[in-house]
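Notes follow once the structure below has been shown.
The values are calculated or read from the model by the stated rules, or taken from the named source; none is laboratory data. Keep in mind that this is a model prediction, so the values were computed, not measured. All Cβ positions, glycine included, derive from the backbone under ideal geometry; neighbour counts span all protein chains shown.
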Ligand code: 26V
């Protein structure tokens with residue numbers, strides 16, 4: 001039985017009491033931020049009760065535990081979902097109502113931790129919510145970035161990046177756990193020492209960084225499970241005494257301080273694009289090593305040194321290759337610290353760690369310069385060398401004489417460390433994130449590995465938590481669904497299928513339409529506040545919200561809008577269903593073309609706005625700073641969801657699922673999870689267009705398509721492209737969009 005929820009009266013007392021104690025004010029004088037802090041810490045008190053009990057149970061738990069390692073967790077705000085999962089929502093709402101506090105205003109006061117770029121980070125966050133709700137013992141492990149992903153402003157028709165100081169007002173949801181601090185070592189060199197007839201490896205002259213964990217409770221829905229998101233913060237080992245280090249000429253100590261100061265400072269704003277930055281490698285090893293050290297310590301607390309049990313008692317899931325150094329790091333711990341031999345250690349490691357791939361774009365596959373790894377992580381590099389030696393010997397047996405193939409599959413080749421090869425070769429599972437993506441991994445990306453070890457490959461199609469993405473963000477739709485099919489779907493979301501007959505139910509459909517209208521109004525409230533504008537609520541809301549990337553094809557969407565604009569302007573009798581195109585997208589600051597695409601969309605939007613006639617049927621709204629909170633407002637208001645990626649490029653997509661769950665129709669290509677959505681909903685309920693993945697791949701293989709042919713043969717496209725550079729679209733810098741046309 002879950003612990004009892006707080007009743008309304010105690011919630012009220014708690015809020016008023018906290019404002020009095022912490023702020024020395026009455027509720028009437030408190031700011032919204034102070035009220036938020038009081039409400040959030042009231043909910044937190046409730047979670048803490050459960051967390052304490054959960055930790056007590058953990059102490060004697062002898063089963064398997066999951067460590068989910070991810071360089072990103074895009075959590076979104078916590079207050080609403082925590083209240084929902086604790087089943088306190090109604091009590092909280094009534095308590096606030098009686099205190100005269102506006103719930104929606106208070107929620108907005110919570111800073112959103114932007115500790116992720118896009119799909120990969122948001123998936124990690126959804127998994128945590130689901131693991132807790134399914135009562136599975138798990139810990140998410142990541143870096144506590146002091147600055148999250150940049151905040152986006154749109155100024156003079158362009159993206160401007162602003163730093164995201166999300167910790168400015170403190171973080172109500174985290175608790176430091178200094179007792180679990182561990183040391184992570186960088187640089188130095190390795191000494192080999194003979195001890196008791198064995199060669200031992202000792203790192204000398206290294207730089208230390210302390211990893212201090214900050215824990216965030218993850219409460220499951222209507223249950224007692226509270227898991228933890230552990231965020232590691234870097235700290236110098238000599239925080240208090242090193243102020244004089246520089247002046248005393250002790251540059252070694254000063255360097256350690258420097259290193260610690262930057263490691264957990266900021267999240268890199270790139271996704272699906274790899275650059276061999278030393279600081280990034282430092283970040284990856286930092287949180288991976290800290291996590292593995294902690295995990296082994298926890299294992300030993302439970303099972304002593306019976307390491308043969310390790311694969312049965314813990315599993316390490318690595319979210320893409322970024323935490324792939326978990327493989328040599330666990331080897332290092334087992335051999336250098338626990339005294340196991342190579343074979344024994346490798347057998348354990350390869351049965352404990354599993355790898356998920358999230359992209360097949362070659363520019364995103366992680367490779368590190370060998371020299372960088374050797375210098376920064378000398379012992380880890382030695383282990384990689386030995387792993388590579390043994391792997392290549394095995395590959396030589398399988399493919400005798402085929403050096404090209406072996407080099408393609410090796411961990412070390414052409415002076416680089418190939419992280420994907422390390423992960424595939426040394427873990428027990430490589431999985432894709434949709435059926436199509438799983439097939440591409442087997443038949444293309446990891447084709448040679450698949451021929452050698454087919455049993456390792458699988459796919460597990462991504463999912464989303466319906467608690468945040470329906471129950472919390474679309475409360476009216478939730479209630480309508482519950483009215484129709486009861487509330488069992490809260491815990492068994494597959495029961496949403498029971499709604500099928502209601503598609504023919506007129507009253508239900510009318511209510512659904514009313515809710516959509518209400519959600520459009522809510523969206524407009526947000527937009528008015530954030531950008532001082534509103535959308536026409538009687539227009540069709542057509543949304544494409546995701547990171548900006550060429551393969552996601554926001555440009556295709558924009559070109560279509562451009563052509564529609566020309567049709568309206570050319571033909572006084574032209575009519576169409578009035579439509580507002582909503583974009584939400586951040587471009588990586590160094591991604592020139594992506595930023596140009598934003599300029600083009602913003603310029604088009606201005607062009608349309610200048611024509612009263614076009615505006616009667618057409619709008620573009622670019623929602624600034626697309627983040628989880630923006631998504632929570634856009635998705636429930638949307639009628640049509642755009643999923644346009646070039647087939648074969650989007651590993652899964654998860655936005656596609658969120659829109660669909662909120663009753664939007666999808667227009668899209670046969671890519672990622674769209675393929676399975678198409679299968680589930682049937683061809684009548686999704687608009688599929690474009691090339692299939694195999695055709696697109698074959699075309700790419702042949703050198704790509706000929707855009708000039710399209711330019712010459714399609715007058716509407718030719719006109720739009722010409723207007724991109726003749727000053728029609730961007731009068732101030734007519735040639736700026738040249739690179740796009
Ligand atoms: C790659 C890199 C390259 C190195 C440096 C930084 C960095 C950061 C992230 C990535 C991988 C991005 C891959 C990614 O986000 N994939 C998305 O994963 C979603 C969850 O599986 C999936 O739904 C999306 O289709 C996929 O693009």
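Within segment 414-421, not a single residue is surrounded by 17 or more Cβ atoms within 10 Å (Cβ to Cβ), more than 16 Å from the ligand (Cβ to nearest atom) and in a helix (DSSP H, G or I).
A single entry from 494, 510 fulfils the requirement of being without any contact (Cβ under 8 Å) to a residue 40 or more places away in the chain and more than 21 Å from residue 127 (Cα to Cα): 510. Looking across segment 355-383, just one residue is within 19 Å of residue 409 (Cβ to Cβ), in contact with a strand residue (DSSP E or B) (Cβ under 8 Å, 6 or more places away or on another chain) and away from the ligand (no atom under 16 Å from the Cβ), and that is 370. A single member of 400, 454 is more than 16 Å from the ligand (Cβ to nearest atom), surrounded by fewer than 18 Cβ atoms within 10 Å (Cβ to Cβ) and closer than 25 Å to residue 311 by Cβ, and it is 454. Is it the case, given these coordinates, that residue 191 is assigned to a strand (DSSP E or B) and without any contact (Cβ under 8 Å) to a residue 24 or more places away in the chain? When the stated conditions are applied, residue 191 passes them. How many of the residues making up segment 458-486 are surrounded by 14 or more Cβ atoms within 10 Å (Cβ to Cβ), without any contact (Cβ under 8 Å) to a residue 40 or more places away in the chain and more than 16 Å from the ligand (Cβ to nearest atom)? Within segment 458-486, residues that are surrounded by 14 or more Cβ atoms within 10 Å (Cβ to Cβ), without any contact (Cβ under 8 Å) to a residue 40 or more places away in the chain and more than 16 Å from the ligand (Cβ to nearest atom) number 8.
Within segment 26-42, the only residue that satisfies the criterion of being surrounded by 14 or more Cβ atoms within 10 Å (Cβ to Cβ) and not in a helix (DSSP H, G or I) is 30. Cβ separations smaller than 8 Å between residues 6+ apart or across chains give no pair from segment 638-665 residues that are within 9 Å of the ligand (Cβ to nearest atom) to residues that are assigned to a loop (DSSP other than H, G, I, E, B) and modelled with pLDDT under 95.
Evaluation of residue 625 against the conditions (1) at positive phi; (2) surrounded by fewer than 19 Cβ atoms within 10 Å (Cβ to Cβ) shows that the sole unmet condition is (2). So in segment 102-141, with the set limited to residues that are more than 19 Å from residue 291 (Cβ to Cβ) and within 16 Å of the ligand (Cβ to nearest atom), which one is modelled with the lowest pLDDT? Top of the filtered list is 114.
Residue check: is residue 704 out of contact with any helix residue (DSSP H, G or I) (no Cβ under 9 Å at 6 or more places or on another chain) and more than 16 Å from the ligand (Cβ to nearest atom)? So residue 704 fits the description; yes. Whenever a residue of segment 270-281 is farther than 17 Å from residue 149 by Cα and in contact (Cβ under 8 Å) with a residue 40 or more places away in the chain, its partners that are part of a helix (DSSP H, G or I) and more than 7 Å from the ligand (Cβ to nearest atom), lying with C-beta atoms within less than 6 angstrom and at least six residues away or across chains, give the pairs 278/372. Screening the candidates 386, 439 for the property of being away from the ligand (no atom under 16 Å from the Cβ), assigned to a helix (DSSP H, G or I) and either surrounded by fewer than 23 Cβ atoms within 10 Å (Cβ to Cβ) or in contact (Cβ under 8 Å) with a residue 40 or more places away in the chain (or both) yields one hit, 386.
Residues that are modelled with pLDDT of 95 or more, out of contact with any helix residue (DSSP H, G or I) (no Cβ under 9 Å at 6 or more places or on another chain) and part of a loop (DSSP other than H, G, I, E, B) occur at least once in segment 400-409. Residues that are touching a strand residue (DSSP E or B) at 6+ places or on another chain (Cβ under 6 Å) and under 13 Å from residue 226 (Cα atoms) within segment 26-81 comprise 47, 50, 51, 54, listed in sequence order.
Against the conditions (1) assigned to a loop (DSSP other than H, G, I, E, B); (2) in contact with a strand residue (DSSP E or B) (Cβ under 6 Å, 6 or more places away or on another chain), residue 128 satisfies every one except (1).
Residue 679 meets the conditions (1) out of contact with any strand residue (DSSP E or B) (no Cβ under 7 Å at 6 or more places or on another chain); (2) in contact (Cβ under 8 Å) with a residue 12 or more places away in the chain in every case but one. The failed one is (2). Could you grab me the full set of residues in segment 327-354 that are assigned to a helix (DSSP H, G or I) and either within 16 Å of the ligand (Cβ to nearest atom) or more than 16 Å from residue 293 (Cβ to Cβ) (or both)? 342, 343, 344, 346, 347, 350, 351 - these are the residues of segment 327-354 that are assigned to a helix (DSSP H, G or I) and either within 16 Å of the ligand (Cβ to nearest atom) or more than 16 Å from residue 293 (Cβ to Cβ) (or both).
You will find that of 637, 647, 673, 664, the residue that is closer than 23 Å to residue 360 by Cβ and more than 21 Å from the chain's Cα centre (by Cα) is 647 and no other. Could you list, in sequence order, all residues of segment 525-541 that are crowded, with 18+ Cβ neighbours inside 10 Å and assigned to a helix (DSSP H, G or I)? Across segment 525-541, the qualifying residues are 526, 527.
For residue 56, state whether it is at pLDDT below 95, closer than 30 Å to residue 298 by Cβ and away from the ligand (no atom under 16 Å from the Cβ). Talk me through it step by step, then tell me what you get.
On the way: at pLDDT below 95: yes; closer than 30 Å to residue 298 by Cβ: yes; away from the ligand (no atom under 16 Å from the Cβ): yes.
For residue 56, the condition - at pLDDT below 95, closer than 30 Å to residue 298 by Cβ and away from the ligand (no atom under 16 Å from the Cβ) - is met.
Taken together, the residues in segment 213-238 that are closer than 24 Å to residue 181 by Cα, touching a strand residue (DSSP E or B) at 6+ places or on another chain (Cβ under 8 Å) and either in a loop (DSSP other than H, G, I, E, B) or at pLDDT below 95 (or both) amount to 2. Among the residues of segment 159-174, those that are part of a strand (DSSP E or B) and surrounded by fewer than 15 Cβ atoms within 10 Å (Cβ to Cβ) comprise 160, 162.
Taking the criterion of being under 30 Å from residue 599 (Cβ atoms) and in contact with a helix residue (DSSP H, G or I) (Cβ under 8 Å, 6 or more places away or on another chain), the only residue of segment 159-207 that qualifies is 159. Before we move on, is residue 282 within 16 Å of the ligand (Cβ to nearest atom) and at pLDDT 95 or above? Considered against the rule, which asks whether it is within 16 Å of the ligand (Cβ to nearest atom) and at pLDDT 95 or above, residue 282 comes out as yes. Would you say residue 508 is away from the ligand (no atom under 16 Å from the Cβ), more than 29 Å from residue 629 (Cα to Cα) and either in a helix (DSSP H, G or I) or touching a helix residue (DSSP H, G or I) at 6+ places or on another chain (Cβ under 9 Å) (or both)? In short, no.
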